[in-house]
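Read through the structure below, which is laid out as structure tokens, and then see the notes.
The values are calculated or read from the model by the stated rules, or taken from the named source; none is laboratory data. Please read these numbers as outputs of a predicted model, since none were measured by experiment. Here the Cβ positions follow ideal geometry from the backbone for every residue, glycine too, while neighbour counts run over all protein chains shown.
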Amino acid sequence: MASKLQQLQNMAVQASQFVTKNGTAYYKQLLEQNKQHIVHPPTLVKCQELSKQLLYTRLARNNIFPFPSYVGPSCATVLQKSLHIPGRYESFRKELEGVKHIWKNRNELKVEDVGIAALFGLELYAWFCVGEIAGRGFTFTGYYV
């Protein structure tokens, strides 16, 4: 056990020395190769503009939802852009179909499956509580005003 620990420590030291020796050169080379993507000067306005471009490009990437004709064209466009997050819609649809299938065959459920679902619900509630505590500034009693 001690020999394995010593080997691991030696490997960590070698990796640290390699990064220390070659890290700066690699960083400079990476920046030089990608200098066309660097925005000068990096202002707050330009950063906000780029983040909006990225967001709306990702939203407009897919056109999945066919909207009925009684929905106006501008309303349909807004709805489509707000609902097109690539890949997530398909995943949600598959999960929903799985839940529907389980609900149809709920008489065939095993105790283990119900227990797993209950634990998942409990975990979901626990993460909600953690988010609430974080939102309060990591206090249990309430918000600082």
Residue under evaluation His84, criteria (1) modelled with pLDDT of 90 or more; (2) surrounded by 11 or more Cβ atoms within 10 Å (Cβ to Cβ); (3) of a type outside the set (Phe, Trp, Tyr), criterion not met: (1)
Taking region 87-114 and keeping only residues that are hydrophobic (A, V, I, L, M, F, W, C) and not in a helix (DSSP H, G or I), one is left with Leu109
For region 115-145, the count of residues that are part of a helix (DSSP H, G or I), more than 22 Å from the chain's Cα centre (by Cα) and at pLDDT below 90 equals 1
Which residues, counting only those in region 39-62, are more than 18 Å from the chain's Cα centre (by Cα), modelled with pLDDT under 85 and exposed (fewer than 10 other Cβ atoms within 10 Å of the Cβ)? His40, Pro41, Pro42
